[in-house]
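The values are calculated or read from the model by the stated rules, or taken from the named source; none is laboratory data. Bear in mind that the values here come from a model prediction, so they are computed numbers and not experimental data. For neighbour counting, all protein chains shown are included, and Cβ atoms are generated from backbone atoms with ideal geometry for every residue, glycine included.
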């Protein structure tokens with residue numbers, strides 16, 4: 001929806017009367033980006049007709065002046081609520097904290113670096129208020145400006161997890177989405193500590209409209225997602241929504257047991273017929289090393305699931321609040 005579409009804008013404002021919208025923004029070392037985000041966000045809200053909202057800024061243990069910037073913004077605007085963690089708990093924890101503390105009838109999650117353009121919010125409101133959707137979710141239609149290797153790894157992750165899991169993720173999906181209160185309550189009803197929110201959204205279901213947009217560069221600062229961090233995030237996603245790696249480990253073990261049984265029968269028959277010993281110690285050592293590595297790999301897969309189970313049974317809090325203004 002174009003913001004200049006007065007009829008749609010008026011209808012949306014009418015349906016938002018008496019309703020509160022909550023906007024959750026996780027922040028980690030975003031001192032340069034936050035003021036730019038705030039100005040752009042207010043511009044969009046003003047052009048929409050100034051709906052009733054609260055802006056929840058989550059300081060995820062930032063090491064720069066992010067928290068000081070948040071406090072300054074909160075002094076100027078009473079609609080800003082903030083939470084500051086005792087340390088860096090990660091974006092998933094920040095999202096969960098925002099959802100737990102959001103009071104709105106409609107709740108949106110967006111990044112502070114403007115890679116989630118606030119200008120899409122009118123279109124997202126239109127999907128929910130005028131088209132009957134429960135949720136409006138965004139995804140990138142391209143990866144312009146991103147490294148080829150990084151893009152390849154990201155695309156492979158979506159292909160792998162969609163093959164391994166019954167929960168299907170949209171390639172290029174962003175955390176940027178607008179939800180009705182019943183969707184938020186459903187997401188919060190899953191209290192697991194090892195959270196993979198992209199998968200949780202799909203697991204809870206609800207009628208969702210997909211909105212694609214062209215890739216947007218960060219307005220300031222550098223990305224916090226290294227390739228190593230993305231790898232472990234992807235691993236968490238696969239382990240959280242698929243037990244197929246366990247089944248694959250079992251099938252591989254069964255296949256090699258059958259293969260070794262056939263090999264043993266072959267060796268016995270050959271010895272009985274030709275009466276010659278089997279040569280090739282170097283190849284035998286290579287086979288032993290290969291099978292040992294395969295065993296360790298399967299044990300590692302099982303170990304990852306046990307580790308997740310171990311962490312869940314501890315029931316540690318997902319985050320710890322150091323300061324907040326509400």
Task: Conditions (1) over 15 Å from residue 137 (Cα atoms); (2) in a helix (DSSP H, G or I); (3) at pLDDT 75 or above: number failed by residue 190 - done: (2)
- [ ] Would you check if residue 54 is over 22 Å from the mean Cα position of the chain (by Cα), under 23 Å from residue 126 (Cβ atoms) and assigned to a strand (DSSP E or B)?
- [x] yes
Open item on the list: For the range 101-111, check the following and say yes or no: at least one residue is part of a helix (DSSP H, G or I) and either touching a residue at least 24 places away in the same chain (Cβ under 8 Å) or under 26 Å from residue 199 (Cα atoms) (or both).
Closed with: yes
Open item on the list: Looking at the range 133-150 only, could you name the residues that are closer than 20 Å to residue 201 by Cα and either in contact with a helix residue (DSSP H, G or I) (Cβ under 8 Å, 6 or more places away or on another chain) or at pLDDT 85 or above (or both)?
Closed with: 133, 134, 135, 136, 137, 138
Open item on the list: If a residue must be part of a helix (DSSP H, G or I) and within 25 Å of the chain's Cα centre (by Cα), how many such residues does the range 23-48 contain?
Closed with: 8
Open item on the list: Residues that are in contact with a helix residue (DSSP H, G or I) (Cβ under 7 Å, 6 or more places away or on another chain), part of a loop (DSSP other than H, G, I, E, B), modelled with pLDDT of 85 or more and surrounded by 16 or more Cβ atoms within 10 Å (Cβ to Cβ): does the range 67-89 have at least one?
Closed with: no
